[in-house]
1. Kindly indicate the residue of the stretch 133-142 that is within 19 Å of ASN33 (Cβ to Cβ) and in contact (Cβ under 8 Å) with a residue 40 or more places away in the chain and also surrounded by the fewest Cβ atoms within 10 Å (Cβ to Cβ) among those meeting that condition.
2. Just checking, does the stretch 96-105 include any residue being modelled with pLDDT of 95 or more, under 24 Å from ASN66 (Cα atoms) and either more than 10 Å from the ligand (Cβ to nearest atom) or of a type outside the set (A, V, I, L, M) (or both)?
3. Look through ARG85, ARG17 and report the one residue that is more than 29 Å from GLN143 (Cα to Cα) and of a type in the set (Lys, Arg).
4. Mind listing just one residue for me: the one in the stretch 107-118 that is touching a residue at least 12 places away in the same chain (Cβ under 8 Å) and within 13 Å of the ligand (Cβ to nearest atom) and, of those, farthest from LEU34 (Cα to Cα)?
5. Would you point out the residue of the stretch 70-84, among those that are within 15 Å of the ligand (Cβ to nearest atom) and in a helix (DSSP H, G or I), that is farthest from TYR22 (Cα to Cα)?
6. If ASP86 passes every condition in (1) touching a helix residue (DSSP H, G or I) at 6+ places or on another chain (Cβ under 6 Å); (2) within 25 Å of ARG2 (Cβ to Cβ) but one, which one does it miss?
7. Taking the stretch 86-132 on its own, how many of its residues are surrounded by 15 or more Cβ atoms within 10 Å (Cβ to Cβ) and either among the aromatic types (Phe, Trp, Tyr) or in a strand (DSSP E or B) (or both)?
8. Report yes if THR16 is of a type in the set (S, T, N, Q), at pLDDT 95 or above, farther than 26 Å from GLN61 by Cα and more than 14 Å from the chain's Cα centre (by Cα), otherwise no.
Amino acid sequence: SRILVLHGPNLNMLGTREPSVYGTTTLAQINQNLTQLGAELGCAVTCLQSNAEHELIDAIQQAHGNIDFIIINPAAYTHTSVAIRDALQGVQIPCIEVHLSNVHAREAFRHHSYISDIAQGVISGFGAAGYSFALQQAVSLLQSSSH
Ligand code: DQA
């Protein structure tokens, strides 16, 4: 199966960006880890980070017919973007929402997500490990839906 991992704005700064909140693992390390885990689980993982909302939307649209599952950390767009929600709903590709930090333990404006209610599940507060768990779950959901 084919899995797309999308990272939203400022996640290219992981490692140096507020390490007490987001950890010290870099985005390159997260992506490398996911690609390797994907290979072990028999799936092709593609990772993309963008600071631009339209690039994330373009990637979701292009995933239609090419991707079986999306893992997305929409970062700040989680709390603002009807457009990313509409894109995910439009392509009808199942997704898991991931956050490194526990958004519910932070400012009130981070408590609402435009994505959570259309996601298969949400992982928040477990740092980079959350992505690995999301990938394992994506593979098992795809396996159970194919028989
Ligand atoms: C984040 C949480 C968001 O509130 C924030 O805007 C981010 C990162 C996280 O991974 O914890 O940029 O999505």
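The values are calculated or read from the model by the stated rules, or taken from the named source; none is laboratory data. The structure presented is a predicted model; accordingly, all values stated were derived computationally and were not measured. Neighbour counts are summed over all protein chains in view; Cβ atoms, including those assigned to glycine, are modelled from backbone coordinates with ideal geometry.
1. Of the stretch 133-142, the ones within 19 Å of ASN33 (Cβ to Cβ) are 133-140.
Filter once more, keeping what is in contact (Cβ under 8 Å) with a residue 40 or more places away in the chain: 134-139.
Working: ALA134: 26, LEU135: 25, GLN136: 12, GLN137: 16, ALA138: 26, VAL139: 20.
Applying the filter and picking the extreme gives GLN136.
2. In the first step, residues of the stretch 96-105 are kept if they are modelled with pLDDT of 95 or more; the result is 96-105.
Narrowing the set further to residues that are under 24 Å from ASN66 (Cα atoms) leaves 96-98.
Filter once more, so that each one left must be either more than 10 Å from the ligand (Cβ to nearest atom) or of a type outside the set (A, V, I, L, M) (or both): 96-97.
Yes, some residue in the stretch 96-105 is modelled with pLDDT of 95 or more, under 24 Å from ASN66 (Cα atoms) and either more than 10 Å from the ligand (Cβ to nearest atom) or of a type outside the set (A, V, I, L, M) (or both).
3. On the way: ARG85 fails: more than 29 Å from GLN143 (Cα to Cα).
Matching residue, one of ARG85, ARG17: ARG17.
4. First, the residues of the stretch 107-118 that are touching a residue at least 12 places away in the same chain (Cβ under 8 Å): 109-110, 112-116, 118.
When the remaining residues are screened for being within 13 Å of the ligand (Cβ to nearest atom), the result is 109-110, 112-116.
Working: PHE109: 29, ARG110: 26, HIS112: 27, SER113: 24, TYR114: 25, ILE115: 22, SER116: 22 Å.
Step by step, filter the stretch 107-118, then rank; the result is PHE109.
5. Step by step, filter the stretch 70-84, then rank; the result is ILE84.
6. With (1) touching a helix residue (DSSP H, G or I) at 6+ places or on another chain (Cβ under 6 Å); (2) within 25 Å of ARG2 (Cβ to Cβ) applied to ASP86, the lone miss is (1).
7. Summing the residues that are surrounded by 15 or more Cβ atoms within 10 Å (Cβ to Cβ) and either among the aromatic types (Phe, Trp, Tyr) or in a strand (DSSP E or B) (or both) in the stretch 86-132 gives 12.
8. On the way: of a type in the set (S, T, N, Q): yes; at pLDDT 95 or above: no; farther than 26 Å from GLN61 by Cα: yes; more than 14 Å from the chain's Cα centre (by Cα): yes.
So THR16 fails the test.
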